[in-house]
Structure formats: C-alpha cells, structure tokens
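The structure appears below as structure tokens.
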Amino acid sequence: MLHTALRQDALKATPGGFELRVGLPWIRSMPLSSFTGLAVEVDGVPLASGELTVALGARDVPAEALRGESGWWFVQDRLVLTGRRELGGGVHAVAVDFQMLVPYLQAGPDSPLVLPFHLEARLAPDGAPVPSVSRDVA
C-alpha cells in the first residue's frame, strides 16, 4: 500500500506551485475527518501551513481543516495536495506525513487507533499528467 501512495507521476508543476496526488495507504476508504497533521516537504524544506491546501472538487481547503470535512478519501482516489511553492526542473525529494484515526479499531478503552504515515519519493514534475479523482461531497 505504501509503495503506491506516491507514484512516479504524482507530482505536477502548476503556475505558482505544484500539485501532488497522494493515494490512500490503507485497505478501505476513510472519512476525510480521520486525517490530521498533514505536512509536506520538498527537497527537505517543509511547506508552511499557508502554502498547503487540499483540492476537494472545485474547493481548496486548508490542510489543517480536513478534520472538519464530511467527505471521504476513497481507496481508488488520489487526494490532490496543492503547494504554493515554485518547483524547478529535475527530480525533487518529496515527503508527506499525516496521522490517520481509524474509528473502527480501538487502541485503548477510550480511544481509537491512530496510525502515523510517512511517505517519500523522488519525483519529477514533468511526468505525464494524471487525472484528478478527488471528490467534493459538500
């Protein structure tokens, strides 16, 4: 699952920044509200909170606001992260970190399981474009 979360065609340069398409590294679809702590680094430099949003259909949602979303991240979807940082040509070291709260698995008597994820890949933004399948369920 982790090896397909950041495919070689996941990074796309855009005017004013980039798009990063991330696959869900889990066996079943999850509510967007299950995700916290979304952070992206490019070439070892973290994006500031104002530089990172999540594209949900026609809406751009601040990464830290996913907890308030009612939609789902479906297994077959790529969540589109939008970075407001220009990328140069060539290959970039990309890392994505987040925590996923699994509401149907208990870690203790009063708390669900929370799993940390760390994804990393060396990606070039000049790969073939990949269609977005992010959904807006507002």
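Some notes on this structure:
- Evaluation of Ala58 against (1) in contact (Cβ under 8 Å) with a residue 60 or more places away in the chain; (2) within 10 Å of the chain's Cα centre (by Cα) (one fails), failing number: (2)
- The residue that is nearest to the chain's Cα centre (by Cα), counting only those in segment 3-30 that are among the charged types (D, E, K, R) and not in a loop (DSSP other than H, G, I, E, B), is Arg21.
- Answer residue from segment 1-57, given it is among the β-branched types (Val, Ile, Thr) and open to solvent by 40 Å² or more (accessible area, probe 1.4 Å) and is modelled with the highest pLDDT among those: Val45
The values are calculated or read from the model by the stated rules, or taken from the named source; none is laboratory data. All figures in this text were calculated on a predicted structure; none of them were measured in a lab. All Cβ positions, glycine included, derive from the backbone under ideal geometry; neighbour counts span all protein chains shown. For accessibility, only protein heavy atoms count, side chains too; no ligands or nucleic acids. Shrake-Rupley method; radii C 1.70, N 1.55, O 1.52, S 1.80 Å.
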